[in-house]
Every structure is written in C-alpha cells, then in structure tokens.
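The values are calculated or read from the model by the stated rules, or taken from the named source; none is laboratory data. Remember, predicted model here, so these are calculated numbers, not experimental data. So basically every Cβ, Gly included, is an ideal-geometry build from the backbone, and we count neighbours across all protein chains shown.
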Amino acid sequence: MPRFAARRWTTAAKTVALIPIRLHIATNSHSVLRLSVAAKSKHRSGCPVSVSLEIFGDRWSLLLVRDMMIRGFRTFKDFQNSGEGIATNILANRLRRLLAAGLIRAEAEKTDGRRINYRLTQKGIELAPALLELLIWGARHENTGVPCAAIGPLAKHREELLAEVRRRWQQRDSRPLQAKSGQWLWP
C-alpha cells in the first residue's frame with residue numbers, strides 16, 4: 001500500500017501536523033479509508049490539568065472511556081447505541097483522538113476481521129480512579145436520577161471497584177460492571 005505524506009493544518013493559534021492513518025474497512029470492494037489524526041502539538045500550558053483536558057476533556061471522550069471501562073462496550077455500534085445520542089461523525093472523531101493519544105487501541109476481532117474492537121490501553125485504564133470520582137461527585141451534587149443509595153456502596157468500596165476494573169481489563173473480560181438500565185452488576 002502506498003504511504004501517505006503528513007500534511008499541516010494551521011490555525012491562528014497553532015500549527016498541527018496531520019498524520020494519516022489507514023483503517024482498512026472490509027467491504028465487497030475491499031476499500032481503504034484514509035483518516036487523518038492530529039499529532040501531538042504544543043500544549044497551551046505546562047499545567048497537567050490543562051494538558052489532560054486537551055486530550056480527553058470534551059464531553060464525548062470521557063463517556064467513551066466510561067463505556068469501555070464500566071459498560072463493557074467495544075465496538076463502534078456499541079458506542080453508537082449507548083443512549084447518549086452521539087453523532088457518528090463525532091464518535092469516529094473521538095475514537096481517532098483517543099487512539100492518537102494512546103488511551104485506546106483498535107483490534108480486529110478474531111472471529112470476524114471486519115469488526116473492530118476498541119480497548120483501553122494501560123494509559124487509558126489509569127483514568128479509572130478519576131472517572132469513578134466524577135461519577136460519585138456527579139451523583140451526589142447534581143440531579144442525575146441516580147439514587148444516593150446506589151452511589152453509597154461505590155464510594156464506600158472505591159478500592160475494591162477499581163481493583164475489579166483493573167482485573168477485568170487485565171483478563172480482557174468485557175462483562176459490564178453496569179447494565180444499560182443503570183443497575184450495577186458489581187459486587
């Protein structure tokens with residue numbers, strides 16, 4: 001396959017190198033779709049919070065990480081049907097950004113090479129404590145519809161829940177910790 005040259009995209013604020021990534025989409029014609037992903041660029045500041053928010057601070061990226069970590073989602077279709085209402089173009093863009101940042105990786109399914117499964121990397125799974133704290137904080141301080149009785153055990157057993165998230169990640173166990181209904185399937 002031919003190599004694609006990197007291009008540059010310039011805004012008033014910064015210049016970003018676009019690195020082409022080829023994603024093989026198996027169709028009847030066996031076409032190849034060429035996608036561009038923004039490479040690491042200069043950060044706005046050296047503040048770790050600012051840098052982190054540049055990587056995954058938008059609404060959708062953390063929800064995708066949550067879905068992989070807690071709900072056991074793996075495919076584009078799983079994310080699309082999550083009930084959050086994400087548009088397909090935004091979903092594709094956020095998956096590319098998470099791939100480029102090294103938070104997830106894409107793997108062809110063993111039984112059907114046309115199907116792509118997304119999986120958190122070590123870097124991605126290390127977001128588990130922050131994501132759990134966001135979940136607990138949001139349920140305690142905002143009207144989310146999640147009863148406090150459901151959040152109490154999560155807050156009380158933080159370390160056990162995080163250990164279970166890590167165990168499932170290490171063993172490639174995609175069983176969800178939370179059902180689509182919102183009911184926790186753990187412990």
*region 137-180, residues that are over 30 Å from Ala106 (Cβ atoms), outside any loop (DSSP other than H, G, I, E, B) and β-branched (Val, Ile, Thr)*: Ile151
*Residue satisfying all of: in region 50-80; surrounded by fewer than 16 Cβ atoms within 10 Å (Cβ to Cβ) and of a type in the set (Val, Ile, Thr); farthest from Gly124 (Cα to Cα) among these*: Thr75
*Please indicate, with yes or no, whether at least one residue in region 112-119 is closer than 15 Å to Phe56 by Cβ and part of a helix (DSSP H, G or I).*
no
_Among the residues that make up region 123-139, is at least one of them farther than 15 Å from Met69 by Cβ and in contact with a Lys or Arg (Cβ under 6 Å, 6 or more places away or on another chain)?_
no
*So is Leu134 aliphatic (A, V, I, L, M) and in the same structural domain as Gly152 (by TED's automatic domain parsing) or not?*
yes
*Among (1) closer than 28 Å to Asp58 by Cβ; (2) among the acidic types (Asp, Glu); (3) modelled with pLDDT of 90 or more, the one test that Glu159 misses*: (1)
*Starting from region 49-78, keep only residues that are in contact (Cβ under 8 Å) with a residue 40 or more places away in the chain, then list their pairs with residues that are part of a loop (DSSP other than H, G, I, E, B) and of a type in the set (D, E, K, R) whose Cβ atoms are within a distance under 8 Å, requiring at least 6 positions of separation or different chains.*
Met68/Arg74; Arg71/Lys180; Gly72/Arg175; Thr75/Arg115
_Against the condition surrounded by fewer than 17 Cβ atoms within 10 Å (Cβ to Cβ), modelled with pLDDT of 85 or more and in the same structural domain as Gly57 (by TED's automatic domain parsing), how does Ala106 come out, does it pass?_
yes
*Please work out which one of (1) on the phi > 0 side of the Ramachandran plot; (2) modelled with pLDDT under 85 is the condition Gly85 fails and give its number.*
(2)
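Let's see how each residue does on (1) within 25 Å of Ala100 (Cβ to Cβ); (2) among the charged types (D, E, K, R); (3) surrounded by 15 or more Cβ atoms within 10 Å (Cβ to Cβ):
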site: Arg119; (1), (2), (3): yes, yes, yes
site: Gln122; (1), (2), (3): yes, no, no
site: Glu126; (1), (2), (3): yes, yes, no
site: Leu135; (1), (2), (3): no, no, yes
site: Ile151; (1), (2), (3): no, no, yes
site: Lys156; (1), (2), (3): no, yes, no
site: Glu164; (1), (2), (3): no, yes, yes
site: Ser181; (1), (2), (3): no, no, no
site: Trp186; (1), (2), (3): no, no, yes
